[in-house]
Every structure is written in C-alpha cells, then in structure tokens.
Amino acid sequence: NLNNGEKLVMTKQLQLRSRVKGQLSRTVLKTNGGGNKPVEFNPTRYVPREKIHFGFQTGDIVRAIVTTGKKIGNYVGKTAIRSSGSFNIYAKNGLVQGISYKFCKRIHAKDGYSYAH
C-alpha cells in the first residue's frame with residue numbers, strides 16, 4: 001500500500017529477495033561488475049567485424065623482438081590482438097601487455113590446436 005503518493009524504493013538486496021519469492025515483475029540479471037540490473041539496462045558489447053588486424057589473428061604464435069621502450073626483450077607466445085595494433089602476448093614467463101605489431105613476427109598461424117611454447 002502506498003499512501004499519499006509515496007514512492008516505493010527497493011534496494012538491490014530486496015529485489016533479489018523478491019525475485020526468489022517470485023514477486024518481482026521485472027527480470028533481474030546478475031551482471032559482472034555492474035551489480036544487479038533489469039535486462040533493459042544491460043549493455044550490448046561492441047563486436048568488431050574484422051578478425052585479422054595488421055596480418056595477425058588472436059591465437060597466432062609470434063616471436064616479438066622489442067628493441068625500444070619499456071618492454072625491451074624477446075617474447076615468444078600466443079597473441080591476443082587489438083585493432084589498435086597493441087597486442088598481448090601470453091609467453092612462458094607470463095602475460096606481456098601492449099606489444100606493438102611492428103615488433104611481432106608470426107611463427108605459426110592459428111589452426112585450432114593448442115601448442116606448448
């Protein structure tokens with residue numbers, strides 16, 4: 001019952017509790033990092049239409065010989081590409097972020113198999 005035009009305010013905990021009891025009319029989803037939101041507020045992701053950037057594809061095994069900057073060294077591993085040209089390389093000694101495509105040379109193209117490097 002709402003008296004004198006009062007608005008009913010529900011917290012996130014009350015919404016979840018009401019949903020369990022089946023009393024919540026709006027669908028509430030559990031979203032990562034954004035709390036619990038009604039479906040219409042869930043963001044749609046941006047999906048790039050191109051699969052290959054600068055001649056590389058996510059999953060290619062590359063050798064990167066970095067000669068300048070903060071991450072000087074040699075890295076061999078699987079890539080995760082970005083359209084900006086700044087790639088992540090999953091090397092033996094861990095993840096290396098932000099390696100330019102200019103330093104990378106493809107050793108093996110992605111073919112659906114996982115390889116030890």
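The values are calculated or read from the model by the stated rules, or taken from the named source; none is laboratory data. Not measured: the values here are computed from a predicted model. The accessibility values were calculated without ligands, DNA or RNA, using every heavy atom of the protein model including side chains. Shrake-Rupley method; radii C 1.70, N 1.55, O 1.52, S 1.80 Å.
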Please turn the phi angles of the stretch 72-86 into ³J(HN,Hα) values with the Karplus equation 6.51 cos²θ - 1.76 cosθ + 1.60 (θ = phi - 60°), one per residue in order, whole Hz, x for glycine and proline. 5, x, 10, 10, 10, x, 7, 9, 10, 8, 10, 5, 6, x, 9
Could you report the accessible area of Val47 in Å², rounded to 10, computed with a 1.4 Å probe on the protein chains as they sit in the structure? 80 Å²
Mean accessible surface per residue for the stretch 40-117, computed with a 1.4 Å probe while every protein chain stays in place, in Å²: 74 Å²
